[in-house]
Amino acid sequence: MKKAGPAFRQQKVALARCDECKGRGVVKPMFYEMPCVSCHASGIVNKETGEGLPLADLVLQLRIRLNEKNEENRQLRDHLSRTKGRPRGHGPMGQTYHGD
């Protein structure tokens with residue numbers, strides 16, 4: 001177990017929408033919009049503490065989520081390309097109906 005220093009891998013932190021700005025990043029006190037102070041105008045806060053993330057941590061967390069979604073998208077594209085030319089076998093006993 002590691003005792004000192006930074007973590008070997010960055011950990012994913014649970015994020016939630018900011019309650020003050022409702023995830024918009026701006027608040028409208030009366031006539032004009034101002035950046036939300038509690039979430040640093042990002043609209044995202046730490047789910048456990050409810051505090052806004054520092055900008056460096058926010059960029060890191062968004063990058064982690066972007067990488068996960070890109071990997072998921074790549075896996076779906078690979079699955080689609082593998083199944084695209086394969087016959088689907090619809091109908092009883094796997095037969096395809098051609099309309100003849």
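Readers should treat all values here as calculations from the given coordinates under stated rules, not as data from a laboratory. Model, not experiment: these values are computed from the prediction. Counting neighbours? That spans all protein chains shown, and the Cβs are built from the backbone with ideal geometry, glycine included.
Overview of results
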quantity: Packing rank of 7-19, 45-57, where each peptide gets the mean count of other beta carbons within 10 Å, highest leading; calculated: 45-57, 7-19
quantity: 3J(HN,Hα) from dihedral phi, segment 45-54, Karplus parametrisation 6.51/-1.76/1.60, rounded to Hz, x for glycine, proline; calculated: 10, 5, 5, 6, 9, x, 9, x, 7, x
quantity: Inverse of mean 1/r across different Cα pairs in segment 15-80, Kirkwood, Å; calculated: 13.2
quantity: Vicinal HN-Hα couplings computed from phi for segment 31-38 (Karplus, 6.51 cos²θ - 1.76 cosθ + 1.60; Hz; Gly/Pro x); calculated: 10, 10, 8, 10, x, 6, 7, 6
quantity: Net charge of Cβ neighbours under 12 Å - reference ILE64; Lys, Arg +1; Asp, Glu -1; calculated: +2
quantity: Point-charge dipole on Cβ atoms (K/R +1, D/E -1) for segment 15-80, about Cα centre, debye to 20; calculated: 240
